[in-house]
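**Student:** Let me give you the structure first, and then I'll get to my questions.
The values are calculated or read from the model by the stated rules, or taken from the named source; none is laboratory data. Everything numeric in this text was worked out from a predicted model, so none of it was measured. With ideal geometry, Cβ positions are generated from the backbone for all residues, glycine too; neighbour counts draw on all protein chains shown.
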């Protein structure tokens, strides 16, 4: 008992350290038991740990009693053959699935089960093209407007007298509409 007290970390009570060591040893032995059959020494350690912890011993005994109550099941004579056949079938299909997942993933997007995604994608692309086209049209109209304003500004700098009769030009726009009969006669 002198040795565990020397190895224990400062501030940690001996009982907690023992329980932690017990839990890790218990867990380790359980893990080993799942992977392989325990050796005689490991079985002795496991029995000793169970003897020290009565609640775990009671759980093991309860599980043992429940397992003992289960009826024996007869296994069919071709059970091993069926298991091996199934394992081989899965081995044959696994590379095909891996290859299908890794190769040409984008081709699967054209499958019928993704029809709604396909339609939504086409609609989104069409909308984007429309928005960008309309924006381009607006930008072009603005550029033409700026160019025409620049032309008018240049003309007014060169010949300001051209715009002095603006009232007469404005009156032309407000005149009576064209007489259709007169227009037809002139043709």
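**Student:** Of the residues in region 14-54, how many are modelled with pLDDT under 85 and either in contact with a strand residue (DSSP E or B) (Cβ under 7 Å, 6 or more places away or on another chain) or not in a helix (DSSP H, G or I) (or both)?
**Tutor:** So the answer is 1.
**Student:** If you check 108, 142, 115, 89, which single one turns out to be modelled with pLDDT under 75, surrounded by 10 or more Cβ atoms within 10 Å (Cβ to Cβ), in a helix (DSSP H, G or I) and under 60 Å from the mean Cα position of the chain (by Cα)?
**Tutor:** Going through 108, 142, 115, 89 in turn, the sole match is 108.
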